[in-house]
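Nothing in this text is a laboratory measurement; each read-out follows from the coordinates by a stated rule. Source: prediction; values computed, not measured. In this analysis, Cβ positions are derived from the backbone assuming ideal geometry, glycine residues included, and neighbour counts consider all displayed protein chains.
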Amino acid sequence: MPQIRNTKIQDIKNQINTSKLFFINDFKLEFFENGNILAKISFRASGKYSFSIEENIVSNSILDIHIPILNQNREKVLQTIEKPGDNKNIEIRNHENLDDCIKRISEWLYNLDEDLKNEFTFENIEEISDIEKFEKKLNNQFTDESERFTQEEKETLLNKINELQERIEKLEQNKNTQKQIELLEQSKNELEKYPKKAWWLKFYNRFNSLNKGLNLVNNIGDNVIKLFEKLGS
């Protein structure tokens, strides 16, 4: 059983679910039974991005070099370890309670989105329903997490996505088809901003989540897989 209560675990999930930037399956969530780490959120497309909630022992007074033992009081505090932070690649923050730790997740998601868009300079995935298997395929396919699409690759993907969008637009329009079109537009815009690996992860999870939630007749997920098979390698 995890150290933190189920209600707090749900609060952590809700922070991601309510985000307009990412889907829950973009991340691996871990909750620990013992040790100082209570919870950890890892971005599946890059091992260097994570958010953890920990209980650590820190000094709560100034160390006196002449009498260090007497002057150094220590206490256990709740901390968030954020990669990236607001200003640095890694930032550690002390918090009064677990709720304050959880509230920091939304800020971390914003920082992650900004890093994926701005960190780097420009220069046959089979059908998978299990996100763990998909993550493994991504790791095998894209060994360089910072690799970006070439101009030719972007143009090819844009053409394929536009073809898919045209087919959707010919269907009877309703809120579901409108949502698909909206997500396709978001994916097209992100081609210029995200590394390949992160883009494919978001593209897959974006439409996989949509199909599960709406049980769409025209399963756009099938079309996404076809794009993987043609353009993933």
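For the stretch 6-118, the fraction of alpha-carbon pairs lying more than 24 Å apart is 30 percent, rounded to a whole number.
Charge tally for LEU38 (other residues, Cβ to Cβ under 9 Å; Lys, Arg +1; Asp, Glu -1): 0.
Ranking of THR7, THR156 by neighbouring Cβ atoms within 10 Å, starting from the fewest: THR7, THR156. Projected label points at SER59 and ASN174, each 7 Å from Cα along the beta carbon direction, are separated by 6.5 nanometres.
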